[in-house]
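Enquirer: Here it is, the structure, as structure tokens.
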Amino acid sequence: MRLGVMGGLFDPIHYGHLLAAEWAREAMSLGEVVFVPCGIPPHRPEGAVASGQDRYRMTVLATQANPYFTVSRLELERSGPSYSVDTVRQLRQERGGDCEIFFITGVDAVRELLTWKEPDRLLELCEVVAVARPGFEPRELEEKLGEERARRIHLLPVGGMMVSSTEIRERVRLGLSIRYLTPEPVCEYIAAQRLYVNRCRRMGC
């Protein structure tokens with residue numbers, strides 16, 4: 001079993017997340033990609049804008065059409081800050097020793113790997129897939145992490161990664177359309193729950 005693990009706030013999840021997960025699934029021949037909404041992000045003290053429950057539900061709505069995608073509440077149910085190494089360690093215990101894990105995240109996050117909890121242990125427990133926009137230079141990872149660590153990271157160029165959760169939240173706040181930035185069920189959920197603004201215009205989604 002080759003398992004992809006995609007962590008993030010997903011506040012909200014968008015097509016960039018889904019595209020990265022699908023391309024990683026194909027490139028790494030993954031049998032499943034599990035999305036793990038972050039509980040308490042250690043590198044973002046202010047936390048998420050939407051609640052964990054809302055972010056979980058949006059992630060389920062966004063991934064339900066893909067039979068290879070699943071969603072886990074692992075970090076939402078675990079107390080304390082959410083660390084990637086703890087998540088990977090727990091998934092290895094749950095899935096068994098035969099499971100090969102590929103941790104999928106953005107290259108900007110990977111560049112800060114040395115600030116993560118037990119970065120070298122994480123590289124021992126799983127393969128790291130760094131999703132980057134086309135044209136990203138591998139030497140940038142070598143400069144930040146050192147040549148040996150950089151060699152152990154799979155760099156995956158993915159086009160169409162311009163959308164961001166921050167942009168979506170801002171557009172909702174301004175009453176602008178977020179159609180084609182995130183799946184329609186997520187757009188409808190944001191409107192129905194009035195996320196990100198006190199007043200969300202239904203026709204803006």
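Residue by residue, here is whether (1) assigned to a helix (DSSP H, G or I); (2) acidic (Asp, Glu); (3) under 24 Å from LEU195 (Cβ atoms) holds:
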site	(1), (2), (3)
VAL33	no, no, no
VAL36	no, no, yes
PRO41	no, no, yes
MET58	yes, no, yes
LEU61	yes, no, yes
ALA65	no, no, yes
GLU75	yes, yes, yes
PRO81	no, no, yes
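Enquirer: Do the conditions hold for THR105, that is, is it more than 16 Å from the chain's Cα centre (by Cα), of a type in the set (Val, Ile, Thr), surrounded by fewer than 20 Cβ atoms within 10 Å (Cβ to Cβ) and closer than 25 Å to LEU3 by Cα?
Expert: Answer is no for this residue.
Enquirer: Looking only at the stretch 126-139, count every residue that is modelled with pLDDT under 90 and either aliphatic (A, V, I, L, M) or assigned to a strand (DSSP E or B) (or both) and tell me the total.
Expert: The total comes to 0.
Enquirer: Taking the stated definitions as given, is LEU123 buried (at least 16 other Cβ atoms within 10 Å of the Cβ), more than 16 Å from GLY7 (Cα to Cα), at pLDDT 90 or above and of a type in the set (A, V, I, L, M, F, W, C)? Before the answer, list the steps.
Expert: On the way: buried (at least 16 other Cβ atoms within 10 Å of the Cβ): yes; more than 16 Å from GLY7 (Cα to Cα): no; at pLDDT 90 or above: yes; of a type in the set (A, V, I, L, M, F, W, C): yes.
So LEU123 does not fit the description; no.
Enquirer: Return the total of residues in the stretch 161-176 being under 17 Å from the mean Cα position of the chain (by Cα) and among the acidic types (Asp, Glu).
Expert: 1
Enquirer: While we're on this one: Within the group ASP108, ASP86, which residue is within 17 Å of PRO41 (Cβ to Cβ), assigned to a helix (DSSP H, G or I) and at pLDDT 95 or above?
Expert: None of the other options fit; the residue is ASP86.
Enquirer: OK, next. Among the residues of the stretch 157-173, write down those that are at pLDDT 95 or above and among the aliphatic types (A, V, I, L, M).
Expert: ILE168, VAL172
Let's see how each residue does on (1) over 22 Å from ALA50 (Cβ atoms); (2) surrounded by fewer than 19 Cβ atoms within 10 Å (Cβ to Cβ):
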position: GLU112; (1), (2): yes, yes
position: GLU118; (1), (2): yes, yes
position: LYS144; (1), (2): yes, yes
position: ILE153; (1), (2): yes, no
position: ARG169; (1), (2): no, no
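Enquirer: Taking the criterion of being in contact with a Gly (Cβ under 8 Å, 6 or more places away or on another chain), in a loop (DSSP other than H, G, I, E, B) and modelled with pLDDT of 95 or more, would at least one residue in the stretch 178-185 satisfy it?
Expert: yes
The values are calculated or read from the model by the stated rules, or taken from the named source; none is laboratory data. As the structure is a prediction and not an experimental result, all values here were calculated from the model. Every residue, glycine among them, receives a Cβ derived from its backbone with ideal geometry; neighbour counts consider all protein chains shown.
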